[in-house]
Every structure is written in structure tokens, then in C-alpha cells.
Amino acid sequence: MELRARGWWLLCAAAALAACARGDPASKSRSCSEVRQIYGAKGFSLSDVPQAEISGEHLRICPQGYTCCTSHMEENLANRSRAELETALLDSGRALQATLTTQLQNFDDHFQHLLNESERALQDTFPGAFGELYTQSARAFRDLYSELRLYYRGANLHLEETLAEFWARLLERLFRQLHPQLLLPDDYLDCLGKQAEALRPFGEAPRELRLRATRAFVAARAFVQGLGVASDVVRKVAQVPLGPECSRAVMKLVYCAHCLGVPGARPCPDYCRNVLKGCLANQADLDAEWRNLLDSMVLITDKFWGPSGAESVIGSVHLWLAEAINALQDNRDTLTAKVIQGCGNPKVNPQSSGPEQKQRRGKLVLQERPPTGSLEKLASEAKAQLRDAQDFWISLPGMLCSEKMAMSAASDDRCWNGMAKGRYLPEVMGDGLANQINNPEVEVDITKPDMTVRQQIMQLKVMTNRLRSAYNGNDVDFQDASDDSSGSGSGDSCPDDLCGRRVSKKSSSPRTTLTHALPGLSEREGQKTSASGCPRPCVSLMLLLSLVLSAARPTWR
């Protein structure tokens, strides 16, 4: 008896479900009236909506039961559902972009401010302390700061060579000024340059500046470049169009409940996740390299502190310059004697005004300014935001379902499962393209990855490699290439009175525009470097070199 009653109950339940699928004739007008309101609110013509449910054999996406949707309505709603998801993706990307762009601007402003303050301190104090020793060489100092800015902003400059060229130019100028009564032809100054390393005319200042500045500027430059690359990746991936299979699945998820006369049924949570995991399978494949990039950026902020950190070095370049000129003046007589011993006794300049007069020997002692704490605050905020963004790509389906897709609060028999109001039974797929092979809601071809996404994965790898090299104090762009390049030292556009033909006998990398410029920042400054810079194909070769280098990542110290 009990089994017979249970069987009767099951038959009644099945009959009720069938009646629901057909649509209760008494409720047809009411259901279509609700759909009519929703459809009109979307901006579509109400003349498309039937007054009562009709047979749904014409439907191509939604289940073919009794329906309130014509073919034209289904097509309109399918296009709308795709556009709404694409807009939601763009909105989510813009929110993260805004965070990364704000960080980039804040750090860029701070690093630029540190360098500007250093140059301003030099311009305020050097003329009074060193007199003509500074004023007649002021252009060399200005050019040094300009090149430091260019390097920081992504110009293809070898920083160590840039500093070496500066010290060579400065030594020639100052030695001439200290000995106006002597004739110092080019070959004599060549000899002076060859002995400079042994003579150490500027004391330890050049070495200290080279060791600290290279690490500080490399770390600062790589960090802001990382922010720029991360923002650019988000922007490009957010614009990847949805495929046709995804569009069909999203329509079924969002609007087919309306067509079947149950507009109040919201998508089941697991159903929504399966649809969006299928639609965003390629995007989820960014996860591993995205995490590597953000981890590397968080770690490199450790290089902002200490004696060789960006905070103390970038804003203190003028301190080493002052120390260098002080050392040159203190060692002037000894230096002159050693140069004469090694290069011979130069001839007297017949146009000299008279016997040598002692140049003004002012000495400048500057104190390093204590950190303001602003960089520490910026870094602390950035690390927290970068950590929060680490799971952005794999959390995107769940976030969009919760915030944009009006997902049901629970998986029960009242949510929309794609066919009717009822429980959703299939399991939720994993993240990424390979895990969508059995996705029950979206047909995904796992053998055809999206090329735009793959290109951005490669960009993340390249930038992560650059950050890891910068963590170790190395500029990846010059690790393997600088020793193989050839050139005369200074660029063709370098004025003779500034550089001269004797500046550098070593090979130097060609200067070009900002090959790793920060997105959104002007490249006009990079065009001030040598006109002999490599053409556009060279940039492609450099990117290829970076890709090769990315295969061998430096170990962390």
C-alpha cells in the first residue's frame, strides 16, 4: 500500500512538472505580461512580445516549451546578454586597471620627485661652493640627470656606461679648468682618460654611485614597468570577444527563464559558474604567470630601502657629485703630478692670461635627508592591493555571477538550472582551458587557445623575468647584449663640446626610444637620445631576446 501511494505521488509530481513546462493556460497572460515589462525596460519594441504564451518550436537557444519569446525576441535577448557580459568584463577590468594605474602614477610621481629634488639641491648649492668649476660644467650635470630620467622611464640606455661617460666628460672639463695655462690636446686627454681608473681622481664617489644607483634605478624602473604591464594585460584581455558558444550559453543562463515564463527564477550558483568558467577559460590560464608577476613586484619593493634603496639613492645623487668634486680638489696637486708622470709635461698655452691662478677651492658638505615615509606608505598600500589582485582571473567567474548575473542565493529547487526551475546537479568545472573538456554548459575547444591571451601570458613571463633580474641588481636588457654591440661611445647627436670623441673607447649599446616605456607616459623624452638608435625592427629583435632570456630565470637571493 505504501509503495502504491509513493508511486502515485511521483506520478502527480511528474504531471505537475509537465504542466509547468507547457504553461498553465490561466497563467499565460500573466507570465507574458511580466516578460513584456522586462523586455520593454531593455529598450526593445513591445510589439515583439505575444500577449500569451505560444508554442516554442522556433526557439534555437532556449528550451522549446511554451514560451513568451518570438525568434526575434530570442535573438535580441541573446545579443543583449552577450553585450551585458562583455560590459561586465570591461567594468571589472577597468576597476583593476584604475588601481594599477593609480599605483603607477603615485610611484612615478614619487621617484620623479626624488630625482627633481636632488637636481634642485645641486643647482642651489653647487654654484656658491664650487664657483666656475660647476658653472662651466653645468651642462654635463644637467645631461646626467636627463639621462637618469630617460633610463628610469624606459630608454635603451646602459646605466653603468652612462655614468662612466659622465665621469669621463667631467674629468676632462674640470682638468682643463684647473689648468687653464696648459695646452691639453685630444691625445693628452686620451692618456688622462686611460689612467683615470688607476688615479681615481674623484675618490670613491663614482664607484659608490655606480653600485648604488644601478640597483636603485633598476629596481624602481622594473617596478613601475611591472605596474604598467599588469594594467596593459588587464586592458587587452578584458577586450577579448566572447565566442558564439559562450554567447548561446549566456543567453540560456540569463534570459531563457524569461522566455519560459519564469522571469523571477535566478540562475543556480553552480550553473552560473559553469557557464562563466567555460566562457572565461582562456582568461583563467593567465593565473599562474599573473601570480608570478605580482609576487615578484611585491618582493622587489624590499629593494626600495637601505643604503642602496631607491628612497635614499635616487634623491641623493647630488651628494656623490659633491663628494667627487671635493675629492678632485683635495687631490689636485697629486693628480696633476701623476698625470704629468704618465702622460708627459704638456705645453704652456700661449693664449693664457698669465701664470696659473688657484681656482676657488670651496668645499661642500651636504647631509642626506631623512626619508619622509611617503614611499614606505605607498609600498605598503601597493603590496596589499597586489596581493588582493592575485586571484583576479580565477575568481572572475564567481565574482561576475555574484555581482552581475543576479545569481540565486542558494542551490535549491527554486533557481533556474537552464531548463526549468529546479536544482542544478552537474559538478562545477575546474579553472582554465584544459578543465573545460566536459563542461556541460559551454562547448569549449581546448585545442584552440585564444592567441591574444597567449600573447599576454608571454608578456607576463617577460616582465617577471625582468623583475627577478632587477631584484638581483641586473638589467636584463643588457646582460647578454651589451658586450657584443659596437659603437664609438657617444651618439651622433651628442654635441662635440659636451661629449667629444674621447668619451668612451668601450663598446656601448645603441640608444633608441623608450623600448620598455611605461604605458601612458610620453615617449618624446626617448627621442632626445641618439639619432643613430635602432629602427623599429630592432625593437622586435629586443623583444625576441627578452623572450629567450625569460627561459632562464635568475635565482632569488
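At-a-glance table
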{"quantity": "In the stretch 378-434, GluC sites (Glu not before Pro) in a DSSP loop with at most 14 other beta-carbon atoms within 10 Å", "calculated": "Glu427"}
{"quantity": "When each of Lys277/Lys383; Lys303/Lys377; Lys303/Lys461 is checked by Cα-Cα distance, pairs over 26 Å", "calculated": "Lys277/Lys383"}
{"quantity": "Neighbour net charge for Asp413 - beta-carbon separation under 10 angstrom, K R +1, D E -1", "calculated": "+2"}
{"quantity": "The stretch 126-138 - phi-based ³J(HN,Hα) in whole Hz, Karplus 6.51/-1.76/1.60, Gly and Pro as x", "calculated": "5, x, x, 7, 10, x, 5, 4, 8, 4, 6, 10, 4"}
{"quantity": "Residue-count net charge about Pro267 - beta-carbon cut-off 10 Å; Lys, Arg +1, Asp, Glu -1", "calculated": "+2"}
{"quantity": "Cα-projected label distance for Lys194 with Val348, points at 7 Å along beta-carbon direction, nm", "calculated": "2.8 nm"}
{"quantity": "Peptide ranges 455-463, 91-99, 267-275 listed from the most packed, as the mean C-beta count within 10 angstrom indicates", "calculated": "267-275, 455-463, 91-99"}
{"quantity": "Pair Ala434, His113: separation of 7 Å Cα→Cβ label points (nm)", "calculated": "4.7 nm"}
{"quantity": "Two-site FRET efficiency, Glu427 against Arg60, from Cβ-Cβ distance with R₀ of 30 Å, rounded to 0.05", "calculated": "0.65"}
{"quantity": "Difference of contour (0.36 nm per residue) and Cα-Cα distance, Asp391 to Gln455", "calculated": "21.1 nm"}
{"quantity": "Inter-label distance, nm, simple model (7 Å from Cα along the C-beta direction), Asp330/Arg120", "calculated": "3.0 nm"}
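Read-outs: derived from the displayed coordinates by stated rules, not from any lab. This structure is a prediction, so every number in the text was calculated from the model and none was measured. Cβ sites come from the backbone with ideal geometry, for glycine too, and all protein chains shown count toward neighbours.
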